[in-house]
């Protein structure tokens, strides 16, 4: 049998990613907690409640698990509504809690990557129009200044905004996220304000901490036409691709936000990134559909024969990760790339081991082109509250019972630990954890 190990460069970051509202618990002062109280907003009426009880201190045990598994980094977010509970007050105890968490990572020899905005907004901000109102730019800059000044002793790697494209598409096109609107004009307005907020945050962080590395996390999804020969399928695929992927990147590369349905000049955004964070989960096929004008005349679905997750929400399409990195390299030559999220929901862990192995293999391909990929953060360390899908999806390397807070290690946690400790993926690991793909990954 063939034997091989796909090694990564020395100093490569291996970690997991989390977000404040999804893991802390009792985040009662933000728009998502309010959203959860409204009937029909969250699947099966689930609520975040204690979440993973990180605010109660369980982050310590979870960080221990990550460190023991060989992870040398962790990505988490700070909660704006905790740090600034009202427009005119700051909660120093919340900042101290985050300092303790950051010291905890440093004590475990883990590098923190801190996100300053991950979907949730203070309730007071939402009540004033949130990101629809251009005043949010100054408010976000003020919050960023406070947080960075308080945490800079422990952090030099920052993510300004997580998945602004998802925030806009889900909150202002599909209506699945708060505020639950379906308005393309508002969607463009919000995206433009998020770009301005990112640019302001970037400059503020560098003014406080010149050595900082500042970027954002883009949800990138490759899109292919169902029939490459059919012009209308190609058109629909191009519209979907632009609508999902291009608004933020186009503004950062050229100072003009290009969305596929209109352009907005935002010159201050040009060049405001020291790295690009890529969140990759799957690839879509798009077919022209005249009956779906609200979805840019396209039906989107996973490629035929895809390896699907439990409920069909996600698919194991690993080649798309290579495609995503290739796009990033061509769009921003020389810019460092970090895979800031990648994972799949699977309660019984039957698909996750091969998902991890095949995606790490594709990442190794990218590294071997000398493309500047610097790290990989698996989503997620432990099962957490998955937004409008509640507790119906389980992304964790560790299972969680939200009622008892008991954690249970899944086999994929051991696979990922071996990858982290080896700084690579070996044929022995694949044979042990996902033998069903061994011949495909190591032919002959």
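Determine if region 377-393 includes at least one residue that is in contact with a strand residue (DSSP E or B) (Cβ under 7 Å, 6 or more places away or on another chain), at pLDDT 95 or above, in a helix (DSSP H, G or I) and crowded, with 23+ Cβ neighbours inside 10 Å.
From region 377-393, those in contact with a strand residue (DSSP E or B) (Cβ under 7 Å, 6 or more places away or on another chain) are 377-383; that's our starting set.
Keeping just the survivors that are at pLDDT 95 or above gives 377-383.
Pick out the ones that are also in a helix (DSSP H, G or I) and you get none.
Within region 377-393, none of the residues are in contact with a strand residue (DSSP E or B) (Cβ under 7 Å, 6 or more places away or on another chain), at pLDDT 95 or above, in a helix (DSSP H, G or I) and crowded, with 23+ Cβ neighbours inside 10 Å.
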Enumerate the pairs (first residue in region 57-72 and in contact (Cβ under 8 Å) with a residue 60 or more places away in the chain and on the phi > 0 side of the Ramachandran plot; second residue anywhere and outside any loop (DSSP other than H, G, I, E, B) and loosely packed, with under 15 Cβ neighbours inside 10 Å) with beta-carbon separation below 9 Å, excluding pairs fewer than 6 apart on the same chain, so at least 6 apart or on different chains. 70/421
Within region 1-18, can you find the residues that are surrounded by fewer than 24 Cβ atoms within 10 Å (Cβ to Cβ), part of a loop (DSSP other than H, G, I, E, B) and modelled with pLDDT of 95 or more? 8, 9, 10, 11, 12
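Whether any residue in region 341-355 is in contact with a strand residue (DSSP E or B) (Cβ under 8 Å, 6 or more places away or on another chain), in contact (Cβ under 8 Å) with a residue 24 or more places away in the chain, part of a strand (DSSP E or B) and closer than 21 Å to residue 415 by Cβ is what I want to check. Lay out the reasoning, then the answer.
So the first thing to find is which residues in region 341-355 are in contact with a strand residue (DSSP E or B) (Cβ under 8 Å, 6 or more places away or on another chain), and the list is 341-344, 347, 351, 354-355.
Among the residues that remain, those that are also in contact (Cβ under 8 Å) with a residue 24 or more places away in the chain are: 341-344, 347, 351, 354-355.
Of the ones still in play, those that are also part of a strand (DSSP E or B) are 341.
Subset that is closer than 21 Å to residue 415 by Cβ: 341.
Yes, because at least one residue in region 341-355 is in contact with a strand residue (DSSP E or B) (Cβ under 8 Å, 6 or more places away or on another chain), in contact (Cβ under 8 Å) with a residue 24 or more places away in the chain, part of a strand (DSSP E or B) and closer than 21 Å to residue 415 by Cβ.
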Selected residue (criterion: modelled with the lowest pLDDT) from residues of region 308-335 that are under 20 Å from residue 379 (Cα atoms) and surrounded by fewer than 17 Cβ atoms within 10 Å (Cβ to Cβ): 310
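Which ones in region 101-125 are part of a helix (DSSP H, G or I) and out of contact with any helix residue (DSSP H, G or I) (no Cβ under 7 Å at 6 or more places or on another chain)?
So in region 101-125, the residues part of a helix (DSSP H, G or I) come out as 101-107, 123-125.
The answer is 103, 106, 107, 124.
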Checking residue 263 against (1) within 30 Å of residue 201 (Cα to Cα); (2) in contact with a strand residue (DSSP E or B) (Cβ under 6 Å, 6 or more places away or on another chain); (3) surrounded by fewer than 22 Cβ atoms within 10 Å (Cβ to Cβ); (4) modelled with pLDDT of 95 or more, the condition it does not meet: (4)
Residue list for region 28-44, restricted to those being surrounded by fewer than 22 Cβ atoms within 10 Å (Cβ to Cβ) and either assigned to a loop (DSSP other than H, G, I, E, B) or free of Cβ contacts under 8 Å to residues at least 12 places away in the same chain (or both): 28, 29, 37, 38, 39, 40, 41
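Restrict the check to region 285-304 and report whether at least one residue is closer than 23 Å to residue 9 by Cα and in contact with a strand residue (DSSP E or B) (Cβ under 6 Å, 6 or more places away or on another chain). Even if it seems obvious, please write down each step before you answer.
Step one: of region 285-304, the residues closer than 23 Å to residue 9 by Cα are none.
Looking for residues that are closer than 23 Å to residue 9 by Cα and in contact with a strand residue (DSSP E or B) (Cβ under 6 Å, 6 or more places away or on another chain), one finds none in region 285-304, hence no.
One residue is enough: does region 60-75 have a residue meeting the conditions within 20 Å of the chain's Cα centre (by Cα) and assigned to a loop (DSSP other than H, G, I, E, B)? Outline the logic, then answer.
The first filter runs over region 60-75 and keeps only residues within 20 Å of the chain's Cα centre (by Cα), leaving 62-63, 66, 71-75.
Checking the rest, the ones that are also assigned to a loop (DSSP other than H, G, I, E, B) come to 71-72.
Yes, region 60-75 has at least one match.
Can you tell me which residues in region 127-141 are in a helix (DSSP H, G or I) and free of Cβ contacts under 8 Å to residues at least 40 places away in the same chain? So that I can check it myself, show each step before the final result.
Of the residues in region 127-141, the ones in a helix (DSSP H, G or I) are 127, 130-132, 136-141.
If the condition is that a residue be in a helix (DSSP H, G or I) and free of Cβ contacts under 8 Å to residues at least 40 places away in the same chain, then 127 is the only one that fits.
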For residue 302, only one of the following conditions fails: (1) within 23 Å of the chain's Cα centre (by Cα); (2) within 22 Å of residue 215 (Cα to Cα); (3) buried (at least 16 other Cβ atoms within 10 Å of the Cβ). What is its number? (2)
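Any residue at all in region 406-413 that is buried (at least 18 other Cβ atoms within 10 Å of the Cβ) and closer than 26 Å to residue 215 by Cα?
Step one: filter region 406-413 for residues buried (at least 18 other Cβ atoms within 10 Å of the Cβ), giving 407, 410, 412-413.
From what is left, the residues that are closer than 26 Å to residue 215 by Cα are none.
Within region 406-413 (the criterion being buried (at least 18 other Cβ atoms within 10 Å of the Cβ) and closer than 26 Å to residue 215 by Cα), the answer is no, since none of the residues qualifies.
The values are calculated or read from the model by the stated rules, or taken from the named source; none is laboratory data. These numbers were taken from a predicted model, which means no experiment stands behind them. Positions of Cβ are generated from backbone atoms using ideal geometry, with glycine treated the same way; all protein chains shown enter the neighbour counts.
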